[in-house]
Amino acid sequence: MSAFEYYAKNSITEDRVNRKRKNKKKLKKTPVKITKTENNGNENPKKPRSHTLNNIYNLNLKDSFKTGQKLLEWLIHPMSIDDFMRNHWEKDILHVPRNGSNYFSQLFSLTELDNILRENNLQYGTNVDITSYTDNVRETHNPVGRAHPHVVWDYYNNGCSVRLLNPQLFAPEIYKFMANLQEYFGSLVGCNVYLTPPFSQGFAPHYDDIEAFVVQVDGEKHWRVYKPRSEFETLPRTSSRNFHPDEIGEPILDVILRPGDFLYMPRGYIHQADTLYTETHSLHLTFSSYQQNSMYDFLQVVVNNSLNNAAKNDISYRSGLPVGYQNFGGLCESEKSLPRTVQRQQFENQINQLIRNLKNHIDLDHAIDMFSLKNYYTNSLPPSICNVELLRTVANGTKMLPNGKTTREEVNLEIAEVKLIRRNCFRLVEESMLDEETDQMTTELRLYYNLDNSKQLHGNECQFVVIPDEMGLFVKKLFNVYPLFTKVSDLCNDNEQVMQLVNDLWERGLLITSKDITTLSN
């Protein structure tokens, strides 16, 4: 169904717009609650210079973790990260108003959104959602096929919100921001773009399963935020259904976000936002992190890994269940009067002892490696490599000339200083596998990396390099000296095998040199 057909069917008339205008006037009489978190004791927070983001990205030349840290500081300015983590992270909302309409303008714009629709084959449901929330009913109006700008803007003109999914595929600055911020969190960073027309609301009240960082880019939006309804819904692992207004109580924050303003919400905090109050459109980005990155998710890996270790090393975990265990318990057995049977008590004692002993089989280092690969490295974005960095990587190697010949210079890494291109792009893991020839279990060192991941989040097949056992020491040194450079000559000490390893890593783009590599040529 086209936008034209939808609105003809649903009789979207000028009366509805007038009703929204009337509602807007009613809302305007309601005082907006300003919380202590809004100004943080600073009436006029210092307005960063427009090129602050570029200055932050240049830190990649030193330490990618600090680059991500500085980006978070930039989001929550003037609050410090220490204060934010102590008082707000996973605990409470943070609203930062700014008298700086251009604060987030480098990240995105209305013009860029229009250009993305015109220049790319965006698909409804995959890249674009068309939504509305009217009379307490949330609807999605996605047609089938490509989201042509003419049709998208027709929906927009008739009161529908536009959500751009995975904008990092099309917006370079958003991708750069996400790729660098994930270096700090060590967790997947996502983003959605939301454009809402005047006098409308696109989504019902709900909570999310992510830590949300809302940045207001253009226009204004009226936000209402509510505490989690119960302990059960605090820091949830999944997002909620759509709530009716009667279910969520009174907001703890009722505020207008204007260009440059910032709002943080922990997962589980219910929220809704509209432009009924503001008389203008709204363009905001929501960055997210820590989806299924909880202790529960990690312990699933720890316990499973511990059980595998226990089964290998302790025969009691391989012993059979007692005959007739089905009759020791269950729903029907649980309703019988106490005391329990002797067999039931013995079985319960045995299970409790096995669980207590399980802690002796925990390999925390291996669990961290496995969880990191599963949760982060296969899902994360590839690093954003700036032009200055490219001059110091394999990307600046041999080139094709117009005459059909290639440049003759060869890079001499023996005289170079190198380091890993990012701190959190790599994971050195020892993995066990079955040798099909000997039918024996063997171990293999693998250096996993996300440089070849796609910009489409989730489900990448993380690439790896097999590291010979005797070379593991030298790879570990690269990890341990980061963010400092190390001389290749010091690293390999005339060891041809180590030199070959360095060349292999460099040719895959995993290493960066301290200087433009063309200056290293013979």
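The values are calculated or read from the model by the stated rules, or taken from the named source; none is laboratory data. Please read all numbers here as calculations on a predicted model, not as lab measurements. FYI the Cβ positions are ideal-geometry reconstructions off the backbone, even for glycines, and counts take in every protein chain you see. Heads up: the accessible areas ignore ligands, DNA and RNA and are worked out on the full protein's heavy atoms, side chains in. Shrake-Rupley method; radii C 1.70, N 1.55, O 1.52, S 1.80 Å.
A search for C-beta distances below 7 Å between a residue of region 338-354 that is hydrophobic (A, V, I, L, M, F, W, C) and any residue that is surrounded by 10 or more Cβ atoms within 10 Å (Cβ to Cβ), counting only pairs 6+ apart in sequence or on different chains, returns 347/322; 347/325; 347/328; 354/316; 354/317.
Residues of region 152-178 that are open to solvent by less than 40 Å² (accessible area, probe 1.4 Å), farther than 25 Å from residue 107 by Cβ and not charged (D, E, K, R): 159 alone. Just to be sure before I move on: is residue 99 open to solvent by 70 Å² or more (accessible area, probe 1.4 Å) and modelled with pLDDT under 95 in the structure I sent? So residue 99 fits the description; yes.
Note on region 64-116: among residues that are assigned to a loop (DSSP other than H, G, I, E, B) and touching a strand residue (DSSP E or B) at 6+ places or on another chain (Cβ under 6 Å), the one that is farthest from residue 150 (Cα to Cα) is 88. Residue 300 satisfies every condition listed in (1) assigned to a helix (DSSP H, G or I); (2) more than 30 Å from residue 89 (Cβ to Cβ) except (2).
Each residue in region 338-353 was checked for being in a helix (DSSP H, G or I) and exposed (fewer than 11 other Cβ atoms within 10 Å of the Cβ), and 4 pass.
Answer with yes or no whether residue 358 is open to solvent by less than 30 Å² (accessible area, probe 1.4 Å), in contact with a helix residue (DSSP H, G or I) (Cβ under 7 Å, 6 or more places away or on another chain) and outside any loop (DSSP other than H, G, I, E, B). Taking the combined requirement at face value, the residue satisfies it. A search for C-beta distances below 7 Å between a residue of region 165-193 that is in contact (Cβ under 8 Å) with a residue 40 or more places away in the chain and any residue that is surrounded by 23 or more Cβ atoms within 10 Å (Cβ to Cβ) and basic (Lys, Arg), counting only pairs 6+ apart in sequence or on different chains, returns 183/422. Taking strands (runs of 3 or more DSSP E) as the structural unit, those lying wholly within region 395-503 and holding at least 2 residues that are of a type in the set (A, V, I, L, M) and open to solvent by 40 Å² or more (accessible area, probe 1.4 Å) correspond to 426-435. For the criterion of being open to solvent by 10 Å² or more (accessible area, probe 1.4 Å), under 20 Å from residue 264 (Cβ atoms) and at pLDDT 95 or above, residue 228 passes.
Of the residues 120, 60, 115, the single one that is modelled with pLDDT of 95 or more, open to solvent by less than 50 Å² (accessible area, probe 1.4 Å) and polar (S, T, N, Q) is 120. Of all the criteria given as (1) in contact with a Gly (Cβ under 7 Å, 6 or more places away or on another chain); (2) at pLDDT 95 or above, the one not satisfied by residue 428 is (1). Just one of (1) touching a residue at least 60 places away in the same chain (Cβ under 8 Å); (2) of a type in the set (Val, Ile, Thr); (3) in contact with a Ser or Thr (Cβ under 6 Å, 6 or more places away or on another chain) fails for residue 407. It is (1).
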